[in-house]
């Protein structure tokens, strides 16, 4: 969303706090209709800032590209709950919300990168006649075998398992007839009445909006809250509490035994291995003495034949393929949106005496030339905004505790 800076500042002025809002003063020297610093030229004539023809979102002109004071970064973005977390009774805070500003730019975007296409140029052949006078032929010489006697296994060696019977004996043994146990005896609990002070409602703090004064007001972009303490409430009650809990006592009952005779295994049944030797026999087998071979012979011939001879080998041809582009519109962030919390003066500390003290400090610093009357009007707020800009403080149209401290004044 693109919002002109002059419309944004005019909106903040319309909805801001009547006592704390400043005139239309921006965060940079290029938008300063009040011309406090003497930097704005041609504003009434061209409705532009800095030099003729310059739009609000354009880069600075060369003649205006002077060194600027380094602005102090705005506080980190926070939530209303985080803003209230560290607050103390009598303190007031405001939530500053700024929307991001964008502009539309036309850019040339690459749809398809430039590349190369490789084309294969096939090889060139031609037929040539040649006379053949001899050829090679291959003859197979068969293998040579002879008959020999060979000893073969008719039955392989094996292992036979024989069983060895188990051995038993009679023994006497003391066995448990009845195991040891415990008898449970219940011991009742003991109670007594105790009076105690019981918390009905804990002490707590609550946030309440400030009173509708020229200093404090609630709007859609910022809220001011004051923290109020509410004490705890108690009542005395009598409770019956346990003095000694019920317990269980256990009495030991010994086990009972008797002697019995039984037959037990002395040596378990086992097996043993008995080797059975292999059985052999002789037979006639054909054994290869010389393996089959192939013999190459050259024989005379007389004839002509055609063969294909390569005249030119295959080659590669590289063809450049240009890149493809398209023009698209894209949103470019000019200034990011932000939301942060800052402490401001409220009913407790924005007294006439405190405003008078602030006006005197601004006058001493060379930012205020109006009356010292304790009234936080537009002239005073314009001086506050000029001081904030010069010192690199956040200029959001509020008289913040940070600004008061920078003037060397205690906010309390």
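The values are calculated or read from the model by the stated rules, or taken from the named source; none is laboratory data. Note that this is a predicted model, so its numbers are computed, not measured. So basically every Cβ, Gly included, is an ideal-geometry build from the backbone, and we count neighbours across all protein chains shown.
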Practice item. Kindly indicate whether residue 301 is modelled with pLDDT of 85 or more and within 30 Å of residue 130 (Cα to Cα). Key: yes
Exercise for review: Could you figure out which of (1) at pLDDT below 70; (2) part of a strand (DSSP E or B) isn't true of residue 216?
Suggested key: (2)
Practice item. Could you check region 93-147 for strands (runs of 3 or more DSSP E) lying wholly inside it with 3 or more residues that are in contact (Cβ under 8 Å) with a residue 40 or more places away in the chain and out of contact with any strand residue (DSSP E or B) (no Cβ under 7 Å at 6 or more places or on another chain)? Key: none
Exercise for review: Output the number of the condition that residue 377 fails; it satisfies all remaining conditions of (1) under 28 Å from residue 98 (Cβ atoms); (2) at pLDDT below 90; (3) buried (at least 16 other Cβ atoms within 10 Å of the Cβ).
Suggested key: (3)
Review point. Looking at 266, 261, which one is at pLDDT below 85 and surrounded by 10 or more Cβ atoms within 10 Å (Cβ to Cβ)?
Key: 266
